[in-house]
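The values are calculated or read from the model by the stated rules, or taken from the named source; none is laboratory data. None of the values given here were measured: they were computed from a predicted structure. Counting neighbours? That spans all protein chains shown, and the Cβs are built from the backbone with ideal geometry, glycine included. Note: areas computed on protein heavy atoms with side chains; ligands, DNA, RNA excluded. Shrake-Rupley method; radii C 1.70, N 1.55, O 1.52, S 1.80 Å.
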Amino acid sequence: MQRSNYCGLITEEYLNQTVTVKGWVHRRRDLGGLVFLDLRDREGIVQVVSEPESTSFANASQLKHEYVVEVTGLVRSRPNPNKEIKTGNIEIVATSVNILNTAIPTPIIIDDESVSEMNRLSHRIIDLRGQKMRNNIMLRTKLSREIRNFLDEDGFLDIETPFLTRSTPEGARDFLVPSRVHKGQFYALPQSPQLFKQLLMVAGFDRYYQIVRCFRDEDLRADRQPEFTQVDIETSFLTELEIRDMAERLIKQAFKNVLNVELPQFPVMTYADAMYYYGSDKPDLRLEDLKFVDLTHELKSSGFKVFNDAANKADGRIIALKFPSSVTLSRKELDELTKFAGIYGAKGLPYIKVNDASKPNEEGLQSPIVKFMSTEELQVIIDKTNAKDGEIILFTADKAKIANEAMGAIRLKLGHEKGLANGEWKPLWVIDFPMFEYDEDADRYVACHHPFTSPKDEHIDKLTTNPAECLAKAYDMVLNGWELGGGSIRIYQSDIQSKVFDALKISKEEADNKFGFLLNNLQFGAPPHGGIAFGLDRIASMMCKAESIRDVIAFPKTTKGQCLLTNAPNDVDEAQLIDLGIKKL
């Protein structure tokens with residue numbers, strides 16, 4: 001029979017009607033001659049009752065977990081409503097139960113939170129039947145639909161770009177695909193559609209988008225996948241501010257329509273300020289009261305050697321971070337924090353407990369470092385941090401990169417553990433990123449974003465005179481300490497592109513070899529253009545409050561890049577390798 005509706009959508013509107021539902025037996029209970037079934041499908045659960053005198057009773061008595069069944073029956077009010085589920089006010093009194101398929105016992109228990117992630121990924125099909133994963137995947141679908149609706153209504157065209165393309169090694173490693181027809185040559189899977197979307201702008205498709213798979217063969221971290229989904233957007237003739245406005249409206253609408261959450265206005269922060277005050281280019285503003293205080297200049301002559309050494313390094317920095325009196329740290333906790341800071345290269349984590357802020361000495365301040373410092377230095381610390389009685393100040397002193405990363409990590413760890421976060425959603429824009437960073441191993445500058453990012457107009461001359469000070473027309477959208485997306489205005493003039501390649505020490509021959517098909521076509525009247533790309537997995541996982549993006553991906557890989565469901569990657573037949581002209585090691 002035709003299904004009347006999903007199990008989870010049979011509500012009071014079906015009272016006194018005969019309906020047919022189909023799904024899986026989530027639970028079966030025999031009570032006093034009655035058989036109760038919880039029948040499940042993608043929309044939820046409905047209770048079915050089979051009475052002894054009914055023709056459905058014989059089949060209902062044979063059912064086991066995960067049998068696939070068709071139930072027809074009358075919808076009535078439930079004597080004891082269940083307020084936890086949408087269908088909790090009704091039940092279906094079965095007139096027929098048809099077994100569509102049987103099932104063997106499942107290797108993991110559905111919705112059992114004690115099941116390890118390895119087992120969940122190995123038996124992903126069963127795991128996906130659980131309420132949590134089902135809700136996550138359905139939310140992700142709704143999110144994708146909202147994004148498409150917004151972009152379609154805003155005049156963007158959904159255009160596909162190739163998966164089999166040319167290797168342009170710049171950034172992460174490419175996944176390479178050997179060609180059978182052209183033996184010894186390879187395609188690459190795209191790390192992003194960057195070059196193609198710029199070419200689409202040259203072709204005159206001034207508003208492009210794509211929800212697209214991207215591939216990066218890089219060392220994986222806990223929350224990184226070798227293949228991921230990107231909302232890729234490119235547009236012509238819009239300024240940086242106009243692109244940011246469009247992207248902000250997109251994300252606000254998605255949060256409103258998916259979660260019924262009104263995101264606040266997005267503040268704007270420069271990269272320099274983000275690093276100076278938070279040690280991160282994606283600061284979590286839920287901890288906005290925890291701001292770094294820079295003491296590098298004030299402690300250049302400090303009697304404490306650790307401070308003195310850091311303050312007098314060319315790239316050294318001393319950071320103080322004050323925590324309120326509600327934060328108490330035991331000796332054990334301080335030792336653990338010191339080890340934690342060491343993960344980021346910090347050689348220690350000096351601290352000062354402020355017992356009496358009016359006494360900048362060993363009487364009022366508790367710390368092993370106080371005895372090495374003058375009253376004047378301690379007073380400066382008290383004044384600049386605005387420390388009060390009962391508060392504690394933590395310090396990092398090292399190369400700026402190490403000091404920033406260590407204190408930034410401590411800020412997040414301690415701030416959230418001690419309950420200092422304010423607000424549920426805190427978005428912002430981070431702008432004015434550096435164009436380049438210096439790679440000491442390669443002895444050259446490398447692009448912070450990619451080599452097609454446009455410098456700020458007033459910094460074009462610095463491309464040749466001082467690349468280190470050159471800022472880019474680049475921008476990142478940040479939410480709760482996570483980068484949701486990033487983009488930039490692109491270079492569309494050949495003379496500026498040449499200057500950028502010169503700064504990167506990319507020769508004309510190398511540029512033509514790697515990017516010739518883009519550079520050649522940019523000469524045919526390229527419009528001013530720019531764009532942004534969002535990580536769909538990340539947005540979905542934040543909306544679901546999932547611990548990992550793996551929980552919003554139907555078939556994810558492990559941190560070792562393996563699919564435990566299919567046991568990929570795997571060996572292939574030698575005949576296939578011969579076909580491709582590849583010799584097995």
Check: So is residue 405 under 21 Å from residue 313 (Cβ atoms) and open to solvent by 70 Å² or more (accessible area, probe 1.4 Å) or not?
Finding: yes
Checklist line | Near pairs, Cβ below 7 angstrom, 6+ apart or cross-chain, from the stretch 407-436 (under 30 Å from residue 243 (Cβ atoms)) to any residue that is assigned to a strand (DSSP E or B) and of a type in the set (Asp, Glu) | finding: 430/476
Note to self: Please go through the stretch 520-541 and give me each residue that is in a helix (DSSP H, G or I) and either crowded, with 19+ Cβ neighbours inside 10 Å or free of Cβ contacts under 8 Å to residues at least 12 places away in the same chain (or both), ordered by number.
What the structure shows: 520, 522, 536, 537, 538, 539, 540, 541
Check: Within the stretch 102-119, can one find any residue that is open to solvent by 70 Å² or more (accessible area, probe 1.4 Å), out of contact with any Pro (no Cβ under 6 Å at 6 or more places or on another chain) and in a strand (DSSP E or B)?
Finding: no
Item checked: Matching entry among 35, 93, 46 (being in contact with a helix residue (DSSP H, G or I) (Cβ under 6 Å, 6 or more places away or on another chain), farther than 24 Å from residue 135 by Cβ and of a type outside the set (Ser, Thr, Tyr)) -> 35
Item checked: Residue satisfying condition, being charged (D, E, K, R) and at positive phi, within set 432, 457 -> 432
Next item on the list: Those residues that are open to solvent by 40 Å² or more (accessible area, probe 1.4 Å) and part of a helix (DSSP H, G or I), I need them from the stretch 311-341; list them, please.
Entry: 331, 332, 333, 335, 336, 338, 339, 340
Check: What number of residues in the stretch 212-226 are crowded, with 17+ Cβ neighbours inside 10 Å, part of a strand (DSSP E or B) and touching a residue at least 40 places away in the same chain (Cβ under 8 Å)?
Finding: 2
Item checked: Residue under evaluation residue 111, criteria (1) modelled with pLDDT of 95 or more; (2) under 36 Å from the mean Cα position of the chain (by Cα), criterion not met -> (1)
Next item on the list: Six or more apart or on different chains, Cβ under 6 Å: which pairs go from a residue in the stretch 227-253 that's surrounded by 22 or more Cβ atoms within 10 Å (Cβ to Cβ) to one that's in a loop (DSSP other than H, G, I, E, B)? Could you list them?
Entry: 232/193
Check: Can you find a residue in the stretch 177-184 that is among the β-branched types (Val, Ile, Thr) and either outside any loop (DSSP other than H, G, I, E, B) or farther than 28 Å from residue 248 by Cα (or both)?
Finding: yes
Notebook entry, point to check: Which of (1) touching a Ser or Thr at 6+ places or on another chain (Cβ under 8 Å); (2) at pLDDT below 95 is the odd one out, the single condition residue 315 does not satisfy?
Noted result: (1)
Next item on the list: Filter the stretch 160-189 down to residues that are touching a strand residue (DSSP E or B) at 6+ places or on another chain (Cβ under 7 Å), without any contact (Cβ under 8 Å) to a residue 60 or more places away in the chain and open to solvent by 50 Å² or more (accessible area, probe 1.4 Å) and give me whichever is farthest from residue 228 (Cα to Cα).
Entry: 186
Checklist line | Of the criteria (1) touching a helix residue (DSSP H, G or I) at 6+ places or on another chain (Cβ under 8 Å); (2) surrounded by fewer than 14 Cβ atoms within 10 Å (Cβ to Cβ), which one residue 133 fails | finding: (2)
Next item on the list: Could you please give the count of residues in the stretch 277-310 that are more than 22 Å from residue 379 (Cα to Cα), assigned to a helix (DSSP H, G or I) and either among the small types (Gly, Ala, Ser) or in contact with a strand residue (DSSP E or B) (Cβ under 7 Å, 6 or more places away or on another chain) (or both)?
Entry: 1
Next item on the list: Identify the residue in the stretch 35-47 that is open to solvent by 30 Å² or more (accessible area, probe 1.4 Å) and in contact with a strand residue (DSSP E or B) (Cβ under 6 Å, 6 or more places away or on another chain) and, among all such residues, is farthest from residue 12 (Cα to Cα).
Entry: 36
Notebook entry, point to check: over 39 Å from the mean Cα position of the chain (by Cα), open to solvent by less than 40 Å² (accessible area, probe 1.4 Å) and not hydroxyl-bearing (Ser, Thr, Tyr) - does that describe any residue in the stretch 1-18?
Noted result: no
Notebook entry, point to check: Considering the stretch 60-77 alone, what residues qualify as being within 14 Å of residue 45 (Cα to Cα) and assigned to a loop (DSSP other than H, G, I, E, B)?
Noted result: 65, 66
Note to self: One residue is enough: does the stretch 236-251 have a residue meeting the conditions among the small types (Gly, Ala, Ser) and under 27 Å from residue 543 (Cβ atoms)?
What the structure shows: yes
Checklist line | Within the stretch 261-278, tally of residues that are modelled with pLDDT under 95 and crowded, with 18+ Cβ neighbours inside 10 Å | finding: 0
Check: Somewhere in the stretch 493-514, is a residue in contact (Cβ under 8 Å) with a residue 60 or more places away in the chain and within 18 Å of residue 201 (Cα to Cα)?
Finding: no
Margin query: Suppose we filter 448, 470 for residues that are under 24 Å from residue 198 (Cα atoms) and open to solvent by less than 20 Å² (accessible area, probe 1.4 Å); which single one remains?
Written below: 470
Next item on the list: Look through 376, 363 and report the one residue that is open to solvent by 10 Å² or more (accessible area, probe 1.4 Å) and not in a loop (DSSP other than H, G, I, E, B).
Entry: 376
Item checked: Options 334, 329: the member that is in contact (Cβ under 8 Å) with a residue 60 or more places away in the chain, over 25 Å from residue 431 (Cα atoms) and among the hydrophobic types (A, V, I, L, M, F, W, C) -> 329
Next item on the list: Residue by residue through the stretch 379-396, note down the ones that are outside any helix (DSSP H, G or I), at negative phi and either of a type in the set (A, V, I, L, M) or open to solvent by 40 Å² or more (accessible area, probe 1.4 Å) (or both).
Entry: 387, 388, 389, 392, 393, 394
